[in-house]
């Protein structure tokens, strides 16, 4: 189906992994896409080329979305090149595998800023345009760690749980304005972040395998298309956590 044609999507942290898969899937569904990266310029340009090769418009913007100035830079560039944002996917995040004893205050602050603060800053920045047009889709990439603790660390689990609180708050306040807000909680999707974690093994998953980024992207496209699902969390985890 091509029913996102004419919509503008912005996906943070979309140079690789789940973010890139979502950006490409949204483009296949008809959307023009603003890609975001912090350091992986070559990967972002490759993703941009893949999307423009489909006949969609795309722009790759370097920005640190844990910082208000970086968010403003990203939104300004996306609006200038593509137009107002209709679909926001808050995917940017980092994972630092640490034990309870190893986590420092600096580690905590960085994880919360990149994973959670960025979600708040991006949503606040994109909302005025969505509210003016009475249409919007916000999709937050949380994690199974928000529900079971996970295999990264307390700081990561807390940041991902915080995204669910933001999802519920915005969904309840924006439902009458044509804006839906939902979360996706994946587990052990086969990306660089997961395969670099020695604690992340397929035997933790009842299905017995890592998930594919495209399986998460399918869910994101569905949420972007659907106007009646809001305030929900989709669990894409091979049966690790059952809601």
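Residues in segment 214-229 that are within 16 Å of residue 11 (Cα to Cα), touching a strand residue (DSSP E or B) at 6+ places or on another chain (Cβ under 7 Å) and surrounded by fewer than 21 Cβ atoms within 10 Å (Cβ to Cβ): 219 only.
Apart from one condition, residue 83 fits all of (1) in contact (Cβ under 8 Å) with a residue 60 or more places away in the chain; (2) touching a helix residue (DSSP H, G or I) at 6+ places or on another chain (Cβ under 8 Å); (3) not in a helix (DSSP H, G or I); the exception is (2). Only a single item in (1) buried (at least 20 other Cβ atoms within 10 Å of the Cβ); (2) modelled with pLDDT under 95 is not met by residue 24, and it is number (2).
Going by what's in this entry, would residue 76 be described as farther than 30 Å from residue 226 by Cβ and assigned to a helix (DSSP H, G or I)? Considered against the rule, which asks whether it is farther than 30 Å from residue 226 by Cβ and assigned to a helix (DSSP H, G or I), residue 76 comes out as no.
Residue-level check: of (1) under 20 Å from residue 118 (Cα atoms); (2) in contact with a strand residue (DSSP E or B) (Cβ under 6 Å, 6 or more places away or on another chain), residue 166 misses just (2). Where strands (runs of 3 or more DSSP E) fall wholly inside segment 1-64, the ranges with 3 or more residues that are in contact (Cβ under 8 Å) with a residue 60 or more places away in the chain are 8-11.
State yes or no: is residue 157 crowded, with 20+ Cβ neighbours inside 10 Å, within 18 Å of the chain's Cα centre (by Cα) and more than 24 Å from residue 20 (Cβ to Cβ)? It is true that residue 157 is crowded, with 20+ Cβ neighbours inside 10 Å, within 18 Å of the chain's Cα centre (by Cα) and more than 24 Å from residue 20 (Cβ to Cβ). When you scan segment 93-109, do you find a residue that is part of a loop (DSSP other than H, G, I, E, B), surrounded by fewer than 24 Cβ atoms within 10 Å (Cβ to Cβ) and within 13 Å of the chain's Cα centre (by Cα), even just one? Checked segment 93-109: at least one residue is part of a loop (DSSP other than H, G, I, E, B), surrounded by fewer than 24 Cβ atoms within 10 Å (Cβ to Cβ) and within 13 Å of the chain's Cα centre (by Cα). Across segment 133-149, the qualifying residues are those that are in contact with a strand residue (DSSP E or B) (Cβ under 9 Å, 6 or more places away or on another chain) and in a loop (DSSP other than H, G, I, E, B), and the one among them that is farthest from residue 204 (Cα to Cα) is 134. Only residues that are in a helix (DSSP H, G or I), at pLDDT below 95 and touching a helix residue (DSSP H, G or I) at 6+ places or on another chain (Cβ under 7 Å) were counted in segment 168-199, giving 2. Of all residues in segment 150-167, exactly one satisfies the criterion of being assigned to a loop (DSSP other than H, G, I, E, B) and at pLDDT 95 or above, namely 153.
The values are calculated or read from the model by the stated rules, or taken from the named source; none is laboratory data. The structure presented is a predicted model; accordingly, all values stated were derived computationally and were not measured. No Cβ is skipped: glycine too gets one built from the backbone with ideal geometry, and neighbour counts run over all protein chains shown.
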